Ligand code: 2SA
Ligand code: MG
């Protein structure tokens, strides 16, 4: 089996965790390559629910190595808390099963504060971030003033790095009427948390290169979704990393030639958490029905997700920008019982028909979706484990989506349980 990269083909929460878990059985290493603890993956294994944010989904499987790549932003306190939580559930995390890139950027308390202060000040213009400090940490990375994991190994020389960072942040904080952060306080905090993260630190690019040459199978686990990509998403209502599959290479230190297959995950409908355009959103009883049946609440923040019909234009675009080979379609069962199902097949903007989602923010807000109406199915798809167990009309729906998105549906997931997965091709 080729190395697989798994990415969300919508706005996140497509069910990547379950599919990554399903695929991790055939992999030796699971690698996160972007995002941070804004991600939320729910895994149900033998009836036990694990909620992961920062750790790769492979961590709950014995014998798998989990890797947090350089493209991830790491809140060391959140990492320690997640490790403690897992250990209370009987999952041991050690250098045996976890490595963290030494050149990954740290999220500090000042990043979280800045994220939350900005959102509070933005009023109606807020992004709806998870408030975890993701954006400010990536800003510092790109601004070349971040503190990285391996800086914790050399606290004697961290002073000037902290000064450089604080020169920037304290100017911002003064402007917002916030107390300045003192260098010695931050250094003391870093010294305290360092022993929790340093034992996992490694040259991840080199470790992965070794594993590749040993013929080990590597699974790349994306977080959020392609429509939240900093370049290709609904900017500025996006996250601060590249979520497209190409980032799996840059965010882990393995070249693009190491990724053999890109699996995109999409729900049979659409959800979004946070602000921003969502043409096929249903703020009505249909949206409520989907949200209730799909239990659409954020894993990290508990926020209610916005719900709507499948938007084939957006998913097709996500497939192109990530080079997706096949789609895993999830949560089809949530649509069970609907008399009519709609699918977004295009947009209208000022009387003109569009078959792409425009890049400009104003146009994104103004497009009106064009729908195709589809007759619902009788009976249930929940828990189906073969093609033959699906109602004929449900199969028709899947075939119809395949045609619209110009990509095969390779897998169908019919419940959160990993075994309720149908291999289509
Ligand atoms: P941020 O915090 O800077 O990354 O927020 C920017 C936008 O990205 C969205 N975002 C997400 N959307 C869906 N799921 C995410 N993870 C959690 C989950 C979310 C939760 O899996 O349920 O628990 O609320 C996630 N992370 C970031 C965010 O909503 C903003 O629109
Ligand atoms: Mg999620």
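No value in this document is a laboratory result; all are computed from the given coordinates. Computed from a prediction, not measured in an experiment: that's the story for all the values here. Glycine gets a Cβ as well: all are built from the backbone with ideal geometry, and neighbour counts include every protein chain shown.
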- Task: Among 112, 26, 144, determine the one that fluctuates most according to a GNM of the chain built with springs between C-alpha atoms less than 10 Å apart.
- Result: 144
- So what is the 222 nm mean residue ellipticity for the chain from helices alone, if each DSSP H run of at least 4 adds -39500 (n - 2.57) and you divide by all residues, rounding to the nearest 500 deg cm²/dmol? -9500 deg cm²/dmol
- Dividing the mean separation of Cα pairs under 8 Å (6+ apart) by the residue count of segment 267-423 yields a relative contact order in percent of 24 percent
- Two pseudo-spin positions, 7 Å from Cα along C-beta at residue 372 and at residue 231, lie apart in nanometres by 3.1 nm
- Message: Principal axis extents for the chain, Cα atoms only, whole Å, descending order, please.
- Response: 67, 50, 38
- Note on the structure: Listed residues 339, 84, 28; largest mean-square fluctuation, Gaussian network over the chain with Cα springs below 10 Å, found at 339
- FRET efficiency for residue 320 and residue 153, using Cβ-Cβ distance with R0 set to 41 Å, rounded to 0.05: 0.50
- Compactness of segment 201-354, expressed as Rg and Dmax over alpha-carbon positions, Å: 17.9, 57
- Length gained, residue 188-residue 139, 0.36 nm per residue minus C-alpha separation, equals 15.3 nm
- Message: Which of the three applies to segment 278-425, rounded, prolate or oblate, going by the alpha-carbon gyration tensor with a ≥ b ≥ c and a/c under 1.5 meaning rounded?
- Response: prolate
- With segment 339-413 reduced to its Cα atoms and the Debye formula applied, log10 I(q)/I(0) at q = 0.12, 0.18, 0.22, 0.27 1/Å amounts to -0.46, -0.82, -1.00, -1.25
- Task: Compare 352, 126, 51 in a GNM of the chain, Cα atoms joined below 10 Å, and give the one with the largest fluctuation.
- Result: 352
- Surface/4 estimate of mean projected area, convex hull on alpha-carbon atoms of segment 224-281, nm²: 4.6 nm²
- Query: Quick one: length gained pulling residue 295 to residue 380 fully straight, 0.36 nm per residue minus the C-alpha distance?
  - Reply: 28.9 nm
- Taking only the alpha carbons of segment 56-154, the radius of gyration and the largest Cα-Cα distance, Dmax, both in angstrom, are 15.4, 47
- Query: For residue 210 and residue 388, what is the calculated FRET efficiency with R₀ set at 35 Å and r taken between the beta-carbons, to the nearest 0.05?
  - Reply: 0.20
- Item | 5 Å-binned pair-distance histogram of segment 202-241 (Cα, whole percent) | 6, 22, 16, 11, 10, 16, 14, 4, 1
- Value of relative contact order over segment 195-259, rounded to a whole percent, pairs C-alpha under 8 Å and six or more apart: 26 percent
- Per 10 Å bin, what percent of the C-alpha pairs of segment 1-121 does each bin hold, from zero upward? 12, 44, 34, 9, 1
